[in-house]
Structures are given as C-alpha cells and as structure tokens.
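Here is the structure we will look at.
The values are calculated or read from the model by the stated rules, or taken from the named source; none is laboratory data. Only a predicted model underlies this, so the values are computations on that prediction, with no experimental measurement involved. Cβ placement follows ideal geometry from the backbone for every residue including glycine, while neighbour counts extend to all protein chains displayed. When the accessible area is computed, the model is the full protein with side chains, heavy atoms only, and any ligands, DNA or RNA have been set aside. Shrake-Rupley method; radii C 1.70, N 1.55, O 1.52, S 1.80 Å.
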Amino acid sequence: MKRMVYMIVSILLDYLGVDEVLARPWQCRMCREDRIVTEIIKKVLMFLSGLRRAPAKNEPVLEIPPAPIPDWISLEQFRRATGLGAAKAIDWYQHVRAACIEFDIIGPARIAAFLAQVGHESGGFVYTREIWGPTPAQLRYEGRADLGNIERGDGSRFRGRGLIQITGRANYRAVSNGLSIDCLGEPTLLESPECAARSAAWWWSCNGCNQIADTEDFERLTKRINGGLNGFSDRLTRWNLAKQYV
C-alpha cells in the first residue's frame, strides 16, 4: 500500500512540475520495478495532456474553410447578355454579380430574367434615378397613401431609384430595413451602382420573382414588376438576348 502511495505522489510531483530535489525523497523510497511502472504512467499522462493542449503561437491552426461562393456568369457573358459596351459592363458586373448571389438569383432562368427586367427598367443600365418632369403621372405620386407618401414633397423625394425603380416613402423604408442602409434619410444612396443593384435584387427576392422566373412565365413576371405589361416588347427582346449567353 505504501509503495502505491509513493508511486502516485512521485508521479503527481513530477507531473505538476515540482523541483526534482524536493521530489527526490519520495523517489528514493521506490524500487526499480515501481519506477518502470511510474515512467510508463508518466508517458501516458504526457500523451493525454498533449491531446488537450492549446496550439503553440507559431503552430498552424486547422480552420474550416468558408462555404464556396456560388458560380455566376462571367464578365463576358454578362456583357453579351445585357448588350452593354465593355466599359459599362465592367462598371456594373461586380455589383450586379454580388447582389444576385446575395439574393439567390442563381442559375440561367433567374439570371436571364433579372438582367432583362432591370435592363429595361434602367434603360440599359443607364438610369438609376427616374427622369423627372414632372409628368402628370409623376404629379400623382404626391399624397399617394399606397406609396406611403404622406409628407409634402414625398413624390419627388422618393421618385423611382435603383435598377428596378424603388418608388415611394414606404418602399424606401422597406429597403432601408432590408439592406441596413439609410436610403429613407438619404434617398440618393439608391443611385449608386452597389445600392442600385442590391435594392433591385432585394425587391426581386422579396416579391417572389425568383420563383416566377423558374417557371419562365415572363408575362406574369413582368406584371409582378410593372403592374402591367408596359414595355413588354423591349423586356422580351432583352430576355431572348440574355438567354443566349447565360
């Protein structure tokens, strides 16, 4: 029994890093066989300790790689699908690609439909702000409760912006919440390429356009976006072009 106690104490003293001189009185009481057993136990303890130890400062740490970014069309495909010149395609590609990936506009059916519709709404990626007359129709924006235009000047202040022409105070508020930006306080944010693309992709996703695009019912998709079939011929032409390259 005493031998067992001596062995355990010796192991603990060594494992805890007690000075060898202090530990020697205990070790002297142990026979050779006991010391062999002790060494084996020490090695087992060192092995188990090594399994739990934190990595050293310069030791590489195994990290789980991030999920791969979904494939999207190339810059050249984008240029051909939209009919844009090289310079304008370069200006828009990264913003549109990032926005589409963010809102799951992935795959030929969705990408072709999206590029066709926003291409029409923006006049070929030219306008991210509604041209203001005001026309008789634009004058009627003022005071429209369905658009949330409750303050004087809201009609012009919250005119159509972005690649899909977000319109009205209520829609600007929804975009602000959805994208965590303050386009309600600063409406012109939606005119920048990044926010113009993100707001369009956000609206598209929130209004079920991905699911409609999957069915390739382009007329129904146009009605969902426009409320009618205004400019349908141009939209259809752009869609047929896009489908050739995506």
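Before moving on, here are some points about what is shown:
Condition check ((1) at pLDDT 95 or above; (2) over 19 Å from G148 (Cβ atoms); (3) in contact with a helix residue (DSSP H, G or I) (Cβ under 8 Å, 6 or more places away or on another chain)) across all residues:
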| residue | (1), (2), (3) |
| --- | --- |
| G160 | yes, no, no |
| L179 | yes, no, yes |
| E194 | yes, yes, yes |
| G208 | yes, yes, yes |
| Q211 | yes, yes, no |
| F218 | yes, yes, yes |
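- Scanning the stretch 180-202 for residues that are touching a residue at least 12 places away in the same chain (Cβ under 8 Å), open to solvent by 10 Å² or more (accessible area, probe 1.4 Å) and not in a loop (DSSP other than H, G, I, E, B) yields a count of 8.
- Residue within the stretch 220-236 that is among the aliphatic types (A, V, I, L, M), free of Cβ contacts under 8 Å to residues at least 12 places away in the same chain, in a helix (DSSP H, G or I) and open to solvent by 40 Å² or more (accessible area, probe 1.4 Å) present: no
- For the stretch 107-131, the candidate set comprises residues that are among the β-branched types (V, I, T) and in a loop (DSSP other than H, G, I, E, B); within that set, the residue that is nearest to R235 (Cα to Cα) is V126.
- Filter result (under 21 Å from C100 (Cβ atoms) and open to solvent by 10 Å² or more (accessible area, probe 1.4 Å)) within the stretch 149-175: R161, I164, Q165, N171, A174
- Any hit, the stretch 123-142, residues being under 23 Å from K243 (Cβ atoms) and among the small types (G, A, S): yes
- W92 meets all of the listed conditions (1) under 21 Å from E191 (Cα atoms); (2) in a helix (DSSP H, G or I); (3) without any contact (Cβ under 8 Å) to a residue 40 or more places away in the chain but one, namely (3).
- Of all residues making up the stretch 77-95, the number that are open to solvent by less than 70 Å² (accessible area, probe 1.4 Å) and β-branched (V, I, T): 1
- Just one of the numbered conditions (1) surrounded by fewer than 22 Cβ atoms within 10 Å (Cβ to Cβ); (2) among the charged types (D, E, K, R); (3) farther than 17 Å from A81 by Cα is not true of K243: (3).
- Among the residues making up the stretch 80-89, those that are assigned to a loop (DSSP other than H, G, I, E, B) and in contact (Cβ under 8 Å) with a residue 24 or more places away in the chain are G83, L84.
- Residue count for the stretch 203-219, restricted to those that are farther than 17 Å from I166 by Cβ and either assigned to a helix (DSSP H, G or I) or hydrophobic (A, V, I, L, M, F, W, C) (or both): 8
- Residue ID - surrounded by the most Cβ atoms within 10 Å (Cβ to Cβ), chosen from residues in the stretch 96-136 that are within 21 Å of T188 (Cα to Cα) and free of Cβ contacts under 8 Å to residues at least 12 places away in the same chain: Y127
- Scope the stretch 132-179; condition in a loop (DSSP other than H, G, I, E, B) and within 20 Å of V118 (Cα to Cα); matching residues: W132, F158, R159, G160, G162, L163, I164, Q165, T167, G168
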